[in-house]
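Have a look at the structure below, then the notes.
The values are calculated or read from the model by the stated rules, or taken from the named source; none is laboratory data. Treat the numbers as computed from the prediction; the structure is a model and nothing was measured. Cβ placement follows ideal geometry from the backbone for every residue including glycine, while neighbour counts extend to all protein chains displayed. Heads up: the accessible areas ignore ligands, DNA and RNA and are worked out on the full protein's heavy atoms, side chains in. Shrake-Rupley method; radii C 1.70, N 1.55, O 1.52, S 1.80 Å.
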Amino acid sequence: MTIIELNEENFENEVEKATGLVLIDFWASWCGPCRMLSPIVDEVADECDTVKVCKVNVDNEQALAARFGIMSIPTLVLFKNGNIMNKMIGVQPKAAILEMITKCK
């Protein structure tokens, strides 16, 4: 599944108005743990067709990061029907991410 880069312009349509699950990876290019988590998020996107996977570069989208209280990266935020359901901070194993998604279905 394609990973969607989010910004202020597309956030409302891609996340807030979306039906179902949306997983957002808040990251930055200079962040080592973010680079470790990125391939795991990519695998989740490929394996989980029931969740839309998106990324927010916090350097480019500081207002979005602030809006959701992102203080540490990487941070994963799971939305369901436009509402925040869960949040994970730091590098996570794929199994933990998939478990979070499964619990919110």
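Tell me, what is the per residue accessible area of the chain in Å², probe radius 1.4 Å?
For the chain, the solvent-accessible area averages 52 Å² per residue.
Roughly how big is the chain's charge dipole about its Cα centre, with Cβ charges of +1 (Lys, Arg) and -1 (Asp, Glu), in debye to the nearest 20?
Dipole size: approximately 440 debye.
Semi-axes, largest first, in whole Å: what does sqrt of 5 times each Cα gyration tensor eigenvalue give for the chain?
Values: eigenvalues 64, 57, 29 Å².
Equivalent ellipsoid of the chain: 18, 17, 12 Å, largest first.
Mean 1/r over all different Cα pairs, inverted: what Kirkwood radius does the range 65-105 give, in Å?
10.9
Where the accessible area of the chain is counted over protein heavy atoms with a 1.4 Å probe, how much of it, in %, is carbon and sulfur?
So the carbon and sulfur contribution to the accessible surface is 52 percent.
Give the distance, in whole Å, between the Cα centre of the range 2-47 and the Cα centre of the range 88-103.
The range 2-47 and the range 88-103 have Cα centres separated by 13 Å.
So if we plug the beta-carbon distance of MET71 and TRP30 into 1/(1 + (r/R0)^6) with R0 = 22 Å, what FRET efficiency do we get, rounded to 0.05?
E(calc), rounded to 0.05, equals 0.85.
Among the DSSP beta bridges whose two residues both lie in the range 1-101, what percent are antiparallel, rounded to the nearest 5?
Here the antiparallel bridges make up roughly 55 percent for the range 1-101.
Using a Gaussian network model on the chain with a 10 Å cutoff between Cα atoms, which of GLY20, GLY82, GLY69 fluctuates the most?
Highest fluctuation among the options: GLY69.
Using R₀ = 22 Å, calculate the FRET efficiency as 1/(1 + (r/R₀)^6) where r is the Cβ-Cβ separation of ASN83 and THR50; round to 0.05.
Rounded to the nearest 0.05, the efficiency is 0.85.
Could you work out which residue, out of ASN13, ASN83, ASN60, moves most in a Gaussian network model of the chain, that is, has the largest mean-square fluctuation with Cα springs under 10 Å?
ASN13
Which of the cysteines in the chain are isolated, no other cysteine C-beta under 4.7 Å?
CYS48, CYS54, CYS104 - these cysteines have no disulfide-compatible partner (Cβ-Cβ under 4.7 Å) in the chain.
In a GNM of the chain with a 10 Å cut-off on Cα contacts, which of LEU64, LEU23, LEU76 has the highest mean-square fluctuation?
In the Gaussian network model the winner is LEU64.
Considering lysine pairs in the chain that are 8 or more places apart or on different chains, how many have Cα atoms under 20 Å apart?
Eligible lysine pairs with Cα atoms under 20 Å apart amount to 20.
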